[in-house]
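Each remark here refers to the structure printed beneath this line.
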Amino acid sequence: MATVRTFQPTRRSVIVTSFVCASVGLAGCGDPPTANGTKVLEVDTTKDLPADLQKALAGQGGPETHPATFRHPLLDDEGEIRIDFTTVDAPSGGKYITRIDVTVNDAAGYQVSAGAPGNPVNLGTTEAPMHSRMVSVAASKSDWGRSTGGTRTYQVSADGTVKRM
């Protein structure tokens, strides 16, 4: 007849088991990198405009799309993001941003995310407003217990420009 032995964990066996589990976890530590081509932000900003301007813009002709590609400095100068935004000319003058998208062209092993754009800022005049929004892009990487990363902010302007802040 076979003898069945039950395992009674001792303090030492629990510590060793915990260490082994933690070591195995380190091999896959952190989230997987963002896949190239992933859109990390898609925002329709027309809802932030006054209601009368939204109605006026709805009847406007085709919007202009502006692509801007950057090497994201938090990605060891290896990664690349793309910011696309759409602008329209208001009937009464001025330019407004109606959409902002952020796409990861090359994540370089990082997990990349983008935050919703900040409140609109007028860089123009009262008579000829120039809509501008701030967009934050964050990158992080965790590997063998070491974490790196940070956030970079971009100013997207309805005149078709993007500036790293």
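What follows draws every value from the coordinates through simple rules; no lab data is involved. Since the model is a prediction, treat every value here as computed from it, not as a measurement. Here the Cβ positions follow ideal geometry from the backbone for every residue, glycine too, while neighbour counts run over all protein chains shown.
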List the residues, sorted by chain then number, that are 5 or more residues from ARG99 or on another chain and whose placed amide H is less than 5 Å from its amide H. THR45, THR86
What are the residues whose amide H is under 5 Å from the amide H of GLY79, where those residues sit 5 or more places off or on another chain and H is modelled from the backbone? HIS72
Counting only other residues whose beta carbon sits under 13 Å from that of LYS163, what net charge do I get with K and R as +1, D and E as -1? +2
What is the distance, in nm, between label points placed 7 Å from the Cα along the Cα-to-Cβ direction at ASN122 and at ASP89? 2.0 nm
Of TYR96, GLY145, ASN119, which is farthest along the charge dipole of segment 63-165 in the positive direction, counting Lys and Arg as +1 and Asp and Glu as -1 at C-beta? GLY145
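Give, in nm to one decimal, the length gained when the segment between LYS163 and LYS39 is fully stretched (0.36 nm per residue of separation minus the Cα-Cα distance). Kindly include the intermediate steps, with their values, before the conclusion.
Values: separation 124, 0.36 × 124 = 44.64 nm, distance 1.99 nm.
So the extension gain works out to 42.7 nm.
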